[in-house]
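Single-structure report; data block below.
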Amino acid sequence: MSLKSTLSSFWNTVSRPATTISLGVISLGGFITGIIFWGGFNTAMELTNTEEFCVSCHAMRDNVYVELQSTVHWENRTGVRATCPDCHVPHEWTNKVARKMQASKEVWAAVFGTINTREKFEERRAELAKHEWARLEANNSLECRNCHDYDSMDWDAMSAEARFYMEPAAALNTGCIECHKGIAHHLPDNVAVGSPAMAKLENKANSGSVTVGEDYFAIRDIPVYDSAESTEPVGNLTLGAAVEILDESGDRIQFALKAWRKDKGFGRVIFDEFGHNIRVAVLSKDTAQDAQLVEASAPQTDEATGLDWAPVTVTLWSDKQGYVDEIDELWTVAEESYASNCSTCHAQPDPDHFGTNSWPAQFNGMVGFTNMDEDQANLVLTYLQKHSADYGGSH
Amino acid sequence: MSTRRDFLKGTGAAGLSALLGPSLLQPAAARAEQLTSAGVWKTSGSHWGAIEALVKGGQVAEVRPLADDPHPTNMVNGIQGLIYSPSRVRYPMARAEWLDKRKDADRTSRGDNRFVRLTWDEALDLFFEEMERVQVSHGPSGLYAGATGWRQTGQFHSCINHMNRAVSMYGGYVKKAGDYSTGAGQTILPYVLGSTEVYSQGTSWPLILDNAKTIVFWANDPLKNLQVGWTCETHEPFEYFDQLRDKIASGEIRSISVDPVRTKTQKHIGAEQLYINPMTDVPFMLALAHTLHTEGLHDQEFLSVYTLGYEPFIAYVMGEAEDGVEKTPEWAAPICGVPVDTIKEFARLLASDRTQLIFGWSVQRQQHGEQPYWMGAIIAAMLGQIGLPGGGISYSHHYSGIGVAPSGASMPGAFPLNLDIGVDPVRTDDNFMGASSTIPVARWIDCLMNPGGTVEHNGHTVTYPDIRMAIFTGCNPFHHHQDHNKMRVAIQKLETIVAIDYAWTATCRHADLVLPACTQFERNDIDSYGSYSRSGVIAMKKLVDPLFHSKTDFEIFSLFCKRFDREEEYTRGWDEMEWVKSLYETTRSANEGSYEMPSFDEFWEKGIVRFERGEPWVRHADFRDDPEINALGTPSGFIEISSRTIGNYGYDDCGEHPKWMEKIERSHGGPGSEKFPLWLQSCHPDQRLHSQMCESDPYRATYAVKDREPVYVNPEDAAERGIEDGDIVRVFNDRGQLLAGAVLSEDYPRGVIRIHEGAWYGPVDASPNALDTYGDPNTVTLDVGASKLSQATSANTCIVEMEKFKGEVPQVTAFGGPTSI
């Protein structure tokens, strides 16, 4: 407790903005202090580079550290062990300092109990893992490669199975983490891993670089809001939704989604095209019935069902993340997933063997036999619907 | 069953344990493979359940169910005979006529069973030369490699995947759509309930047993069919049928079997029977709808919120449609053979409280097979209980352990059927010359007979390709296709037929080139334990080396691919155990954190990993909860009582809503019944898996009648024909004739006989209309599409006559392989 309160008070002091001292004094003071503490700083930093430091907090010692101990990075026939800093701290000085700055967040979390129980840690595991994966993806798995180098791999010494996966990865200089997530610690629940192509798309979408006036596609479900400031989602765009960015404000963008809805029910489900059951958004009842947010035109009757469908323009807000400017790569990922998951018992039918509105029934009828999780199933079904007989394929 | 276990438990146990040590008395699942003086016990899996086999002196000496299985099937006793069957394919062989002349050979002699032994190199060269010839001269539309069936179990060695991947390494081929089990059902139900339903997980049994007051088994005998599973079967549903039996006995649940025949299930659980004439379910159901509607017993609110198209349908029922016939119970009674009052009482019973309808697949394996399934969904919608526990309708509770709450764990994948990313086939020609690349599976014989012809199918027009060569592996169309005499003429169009199998099926007999695969007991593999329950992962250990000159499918197709330089791409350079281990490790990592699995070595030693049963689940509950967000997969997203989509197809044999249509032929006063008064039902066997295990001689002997397949017949029908129990009889119609052994049974009503499908076809010779000597019902069944919608099999639309066989009884020719010349 005393350490916590001391640190807390220190943090309060340094984090409070200076109000009475001039900028010059601060700079000069900083310079002098810098010289004095230079040696001490490096020593302190080296100290924080040890395993002992890392596991001195409960969150690390009781969770990820224990998990590491059951892996090959802890114990193996050659007796070489990777400790925490080997993988998580850059070896080059500038990057190292940058990483230390980031790490202050983790110290904060440790001190103030954000992740001080197993449950809290599990709640945030996905977020923590994603940060670390993003870092390794950004540096193309630099820390892994300090020990593992494609150029030094002896293909003949590998099993045929390992070679099958490693050789193409080496040819593309693929970063290790793209395939080996979860190699040292447990994977977060509900995180789809394994497809490097999907990881690349996720990276692109997570960058949040979108331009007003351009068209984009959602590569996953994206929560939507009725204003730039609102924190309560009013629904979500679904994977594959094509939107035009109208405006931006802070971390949010305003988009227009031109699509369709059925006249039976509350109109909460928005569909891609007239008469096609490919959903692109699901909205709350209030939002769906708000004529400002969902502007509907005169309906047309779908002869196949007798239901009326109205064209709608949905104007809402979302975060910037989750969009890509080109969707074909997503379908390539889906195609591979379809081909491998749906051919364990029989040859998978060609996507254009069924119509857009037939695929959900065919797919729902068999998906229980596969290992696909909900996200993956959703991706594959949308791919099939978008590549069905209705989209130019022949039977 | 379990004789050995029972024996050990009994008085002999003490003495035996002294002799053998304690190991055999431990639970089998917990025991590692152990060498004793008596041999080695090894674990494996099968369609018939998990087993362990005693291997002694390089031979399988005994097979018994794994102790893990509390309800093992008696069929486990047939496994040893399957391995050591005299019908095993021992060597690669070629049809004598074909070997020299190939495509120019006489094809009328196919089926004369004269074969020449080849070496593997000769056989695989021939196989490749023929495939190459056909692909070069006719393109992918000349090759049919799409027909697949109930391969032996094992996810790595699955022969479907091996053949399809290997052939795809070279080039394209014609594929199939649908199957022979559920063709009409899997086509109609997507339009009505938004899923194929027939292969979908159903409401978990505990919820049915806790909530249903009435359970209706409609043309369904689950205790017969649940003995087998698509992957290694766990037999877990059987405990629920015992619970159901107790609840029926105590009066908590009423159960009714709507069926012409007293089923095994009905007798086990003590259900009541509601007799109905064969193929007349639709008039009966229309009359039920009439009673529900006129007596106000239907749930109007459910119909408004969750369904579309009730009005045109009910107008038809009430006689306000074009035909002007009101579908009253009085109208239906003479057709369906159910008295008027019984119809009305049954309708009232269904509506009186929570009712679970559970349909089997037999009623959709007939002409217009879509109609009874559609009607079932409408009755369920009128009752308004779809999505409630113990209510609504199921079409799958007799299949592969459905109704057991699944664990949720990931199961092993399989040897990849498709080419790996980046691997190109030798020939990339995808020109089907204007023909369709996929044909409805049950129409392949029509396709052979009418190349270039067209047929309507599910809203499309299919153009039949000009097929010159067919490849079958682990697949026996001469069992599952109808009308063998028509087939024998049609296959004369094929220049080359290649069959890969472990036993001399009738398909091998009618092939030109036959390659011996080993059985699943002669290879190492891995399998899901429980196809739908996902109860675990099981190791399938090689019991003995491949017998005779047989090889694994993996080896056969590796050698095949070597002939066009794709061996490395085909195998990835991995051997059998590398593949098995890889499938295990992929499963292990997919389950990591949720379902713990031991290391591969530990798994392989123990033989099985078990997962806990999951949470009970209600089918369609999400739809009932929010039909807008959780819309069905129908065109509208709602239950479609009438389907405009189907109506727009304009088919005369499947319209906008279900209708009663008379069949081409029907017993009990229907068309043709004066000449052929008996309805032949050819449902799934009780003592085989389709045609698998028929070749197990000692096991077949336990049910065969004078070496013939049993035909079950009502004693009065038999007496009228001078037939006594145990007689050899001739069953015939204008399509064909077969011999079978009469079993007289009161379980069968007048005018109904049964021969289980899967009985091996054994014609006396290659002549047209040759007498089948063993009793394959498909010698006499009808080969027409169920309708233009599904083009599915109509096997159960079949009427026949039977007589006591007089004259010299021919030897059974179905078993024992060919004459080697």
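The values are calculated or read from the model by the stated rules, or taken from the named source; none is laboratory data. Every value quoted in this text rests on a predicted model; they were computed, and no experiment measured them. Here Cβ is always computed from backbone atoms with ideal geometry, including for glycine, and neighbour counts include all displayed protein chains. For accessibility, only protein heavy atoms count, side chains too; no ligands or nucleic acids. Shrake-Rupley method; radii C 1.70, N 1.55, O 1.52, S 1.80 Å.
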How much of the accessible area of the protein assembly as shown, in percent, comes from carbon and sulfur atoms when a 1.4 Å probe is used?
52 percent
Where in region A:185-280 are there GluC sites (Glu not before Pro) that are in a DSSP coil and have at most 12 other Cβ atoms within 10 angstrom of their Cβ?
A:Glu214, A:Glu229
Please compute the contact order of region B:141-215 in relative form: average sequence separation of alpha-carbon pairs under 8 Å and at least six residues apart, divided by the residue count, as a percent.
25 percent
Considering amide H positions built from the backbone, and no H for Pro or chain starts, which residues 5 or more places from B:Thr203, or on another chain, come under 5 Å of its amide H?
B:Arg619
Under 16 Å between alpha carbons, and skipping anything fewer than 8 positions from B:Lys706 in its own chain: which lysines qualify?
B:Lys804, B:Lys806
Any chance you could list the semi-axes, whole Å, largest first, of the equivalent ellipsoid that the Cα gyration tensor gives for region B:678-815, using √(5λ)?
21, 18, 16
Per-pair calculated FRET efficiency, R0 = 51 Å: B:Gln492 and B:Val40 via Cβ, rounded to 0.05
0.55
Any lysines whose Cα falls less than 20 Å from that of A:Lys130, other than same-chain ones fewer than 8 residues away, would be A:Lys96, A:Lys100, A:Lys105, A:Lys120, A:Lys181, A:Lys200, A:Lys204, A:Lys320
In nanometres, the difference between 0.36 nm per residue of separation and the alpha-carbon distance of A:Glu123 and A:Lys200 is 25.3 nm
Enter the mean number of other protein chain beta carbons within 10 Å of the beta carbon of each residue in A:256-264, as an integer.
1
Tell me the total accessible area that A and B bury against each other, 1.4 angstrom probe, in square angstrom rounded to 100.
4100 Å²
Taking Cα pairs closer than 8 Å and at least 6 residues apart, the relative contact order of region B:35-84 in percent is 28 percent
Simple label model, 7 Å out from Cα along Cβ direction - B:Glu592 to B:Lys101, nm:
6.2 nm
Rounded to the nearest whole Å², what accessible area per residue is found for chain B with the 1.4 Å probe?
31 Å²
Project the alpha carbons of chain B onto their principal axes and report the range along each, largest first, in whole Å.
72, 66, 62
Among the listed pairs B:Lys42/B:Lys606; B:Lys344/B:Lys663; B:Lys103/B:Lys493, those beyond 19 Å (Cα-Cα)
B:Lys344/B:Lys663
How many Cβ atoms of partner chains, on average, are near each residue of B:182-188 if near means within 10 Å of its Cβ?
1
Taking the Cα-to-Cβ direction at A:Asp375 and at B:Met577 and moving 7 Å from each Cα, how far apart do the two end points lie in nm?
3.7 nm
Can you figure out the FRET efficiency of B:Ala766 with B:Glu295, using R₀ = 45 Å and their beta-carbon distance, to the nearest 0.05?
0.15
Region B:715-821, dipole about Cα centre (Lys/Arg Cβ +1, Asp/Glu Cβ -1), debye to the nearest 20:
360 debye
For the residue pair A:Val97 and B:Glu322, what label-to-label distance in nm results when each label sits 7 Å from Cα along the Cα-to-beta-carbon direction?
8.6 nm
To the nearest 0.05, what FRET efficiency results for B:Asn648 and A:Thr313 with a Förster distance of 30 Å applied to their C-beta separation?
0.50
How much length, in nm to one decimal, is gained on full extension between B:Glu585 and B:Asp622, taken as 0.36 nm per residue of separation minus their Cα-Cα distance?
9.9 nm
Eligible lysines near B:Lys562 by straight Cα distance, threshold 23 Å, same-chain separation 8 or greater
B:Lys551
Sorted by average packing, counted as other Cβ atoms within 10 angstrom per residue and highest first, what order do B:675-683, B:634-642 take?
B:634-642, B:675-683
